[in-house]
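Here's the structure, in C-alpha cells; my notes come after.
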Amino acid sequence: MANWKNNAFINQLIDLTETVWFNPDTLPFAEATKGIALSRADVEDAAARLERFRPYIEKVFPETEASEGMIESPLRHIPYMKSALSEYFRTQLSGELLLKCDSELPISGSIKARGGIYEVLNHAEKLALGAELLSESDDYSKLDSEEFKHFFSKHAIAVGSTGNLGLSIGIISAQLGFSVTVHMSADARQWKKDMLRSKGVHVIEYDSDYSTAVAEGRKQAATNPYCYFIDDENSVTLFLGYAVAAERLKQQLEEKNITVDADHPLFVYLPCGVGGGPGGVAFGLKLVFGDNVHCFFAEPTRSPAMLIGLYTGLHDAVSVQDFGIDNKTVADGLAVGRPSGFVGKTMQHMIDGTFTVSDDTMFKLLTMLTDSEGIKLEPSALAGMSGIVHMHNHREYIQQHNLQDTMPSATHIAWGTGGSMVPDEEMQKYYETGAALLKKT
C-alpha cells in the first residue's frame, strides 16, 4: 500500500482532483469474455423470468399498467443540456446526447429497481417452485393472494444499502409478504428510511458507511436459516437483473432510428457505487453491441472505490479510506469505500475507463439539467453527465481507438440513475445549491 501512496495518479485522487482514467487493460470483447462464467444465455434467462412476473407486477403496482408490468424507463434526447454543457465547459460537442431516465423506473424510481427487484422475484420464484405452489407456465398474478403472502411471510430478506437498493428490495419484498430488514449506512437520506418504514420494512441504521451496513446485515442474516441476504457486493443475480437493460436499450435506440456500429459508436456513462448496477448494465451492453459500445464508470471524487480497485488491480482488497479519502459525498448512492471484487474482476478487461466528479460539479449539473430540460435528478444521477465532455477533451482515447472520423455520428448516453422519489423540498435545496455554485463560476 505504501508504494501506491507514492503513485502520481493515486495522489490526484487523494487530492480530490476530478480525474479521467482510460483502462489500459481493455481487450476486444471476444477476448475479454473468455475467462468469465456469465454468458448471453444467463441474461436471457433473467429476461424470461421478468417476463413471467409481468402479470403480477402489473396487478400489484398500478403505475406499470401502461407497460403491462414491464419495469422500464424512457430514453430521451437532451439537446438543450448538450448546449449547456458545451457553453459551461467551453468545448464544442459533436454527436447526440441522450439521457436514460432510470429515475422514472416504476416502483422505486432508480436503477436499483432493475437488479434489486429482480433478485427478490428470483428468490420468490425459487421458493414457490420448490414448494410446488407455482409452475413456470402459470399466470404469476396468482402470487397476489393471501396464500402466497402467508407462505412468503415465513421467510425473511435482508440487505445492506446506502438507500436506493434498500428502497427497491424493501418495497417488492413487503409487497410479496416477506419479512424484510434493510441495514442502512449513515449516508442514507432520512426520507428513504421513512418511506421504507411506512411500508412495514424494518430499518436498522448505522453510524458507519456502506461496508459496515453490509457486513452487519450479512452477519445477522446468517443466524436465521430462513433469511436470504442480498449481497450487493457479490451478487451474480443482481448483476444479471441489471444486464437485462441492454437489450431493451437496443430496442429503444432502434425506435429512435439510432444506429450503433463501427461508424456510429455508442458511449455510455454510468454512475458507480459498489459496482453491481453499472457493471451489470455495461456487461449487457457489451454483449449486445460488442466493441462498438464504450462504457465508462463515474464516481464521486470522495468515493473513487471502483477506480482505485481497477487501477491498482487490488479490487476489494483496497478501500478509499486506505488512502485517507473520507467517502463522504452528497451522492449517497455512490458513497462506497470498497468496490465489489466480483464486478471489478468481471469487468477489468471490458470497462473502458472511469472518471471522477466533485459534489459541487454534480450540484451544478443538476441545476443545469433542470433549467435546460426540465428534468430533475438526484445528485448521484448526474455523475455521468460530463462524460461527453471528457470524450471531447481527452483525444488520446479517440485516437487510440481510431474514432476521429466517427465522433460526429456518435451517440452519448448519460445514465440518470435516480431522483423521481426525492421529496420536492429536498430537490429544491439541491437546485438552489447548484444555482448558487453556478453564480460563483
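The values are calculated or read from the model by the stated rules, or taken from the named source; none is laboratory data. A quick note: this is a predicted structure, and the numbers were derived from the prediction, not measured. Because the Cβ atoms are built from the backbone with ideal geometry, glycine has one as well, and the counts that use them run over all protein chains shown.
Which condition number in (1) closer than 22 Å to GLY284 by Cα; (2) surrounded by fewer than 21 Cβ atoms within 10 Å (Cβ to Cβ) is the one that LEU93 fails?
Evaluating LEU93 over (1) closer than 22 Å to GLY284 by Cα; (2) surrounded by fewer than 21 Cβ atoms within 10 Å (Cβ to Cβ) leaves (1) as the failure.
Let's see how each residue does on (1) under 18 Å from the mean Cα position of the chain (by Cα); (2) not in a loop (DSSP other than H, G, I, E, B):
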residue	(1), (2)
SER168	yes, yes
GLN175	no, yes
ALA188	yes, no
TRP191	no, yes
GLY200	no, no
ILE204	no, yes
THR223	no, no
PHE239	yes, yes
LEU249	yes, yes
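Condition first: in a helix (DSSP H, G or I) and surrounded by 13 or more Cβ atoms within 10 Å (Cβ to Cβ). Now tell me which residues in the range 10-44 satisfy that.
Of everything in the range 10-44, those that are in a helix (DSSP H, G or I) and surrounded by 13 or more Cβ atoms within 10 Å (Cβ to Cβ) turn out to be ILE10, ASN11, GLN12, LEU13, ILE14, PHE29, ALA32, ARG40, ASP42, VAL43, GLU44.
For the range 238-277, name all the residues that are crowded, with 20+ Cβ neighbours inside 10 Å and β-branched (Val, Ile, Thr).
VAL244, VAL260, VAL268, VAL274 - these are the residues of the range 238-277 that are crowded, with 20+ Cβ neighbours inside 10 Å and β-branched (Val, Ile, Thr).
How many of the residues in the range 206-217 are under 20 Å from VAL318 (Cα atoms) and either modelled with pLDDT of 95 or more or in a helix (DSSP H, G or I) (or both)?
Adding up the residues that qualify gives 7.
Among the residues of the range 316-340, what is the count of those that are surrounded by 22 or more Cβ atoms within 10 Å (Cβ to Cβ) and assigned to a helix (DSSP H, G or I)?
Of the residues in the range 316-340, 4 are surrounded by 22 or more Cβ atoms within 10 Å (Cβ to Cβ) and assigned to a helix (DSSP H, G or I).
From VAL180, VAL244, grab the single residue that is within 18 Å of THR162 (Cα to Cα) and either in contact (Cβ under 8 Å) with a residue 24 or more places away in the chain or in contact with a helix residue (DSSP H, G or I) (Cβ under 7 Å, 6 or more places away or on another chain) (or both).
Selected residue: VAL180, the only one of VAL180, VAL244 that is within 18 Å of THR162 (Cα to Cα) and either in contact (Cβ under 8 Å) with a residue 24 or more places away in the chain or in contact with a helix residue (DSSP H, G or I) (Cβ under 7 Å, 6 or more places away or on another chain) (or both).
For the range 55-100, name all the residues that are out of contact with any Lys or Arg (no Cβ under 8 Å at 6 or more places or on another chain) and hydrophobic (A, V, I, L, M, F, W, C).
ILE57, VAL60, PHE61, ALA66, ILE78, MET81, ALA84, LEU85, PHE89
Is it fair to say LYS149 is surrounded by fewer than 22 Cβ atoms within 10 Å (Cβ to Cβ) and outside any loop (DSSP other than H, G, I, E, B)?
The answer is yes for LYS149.
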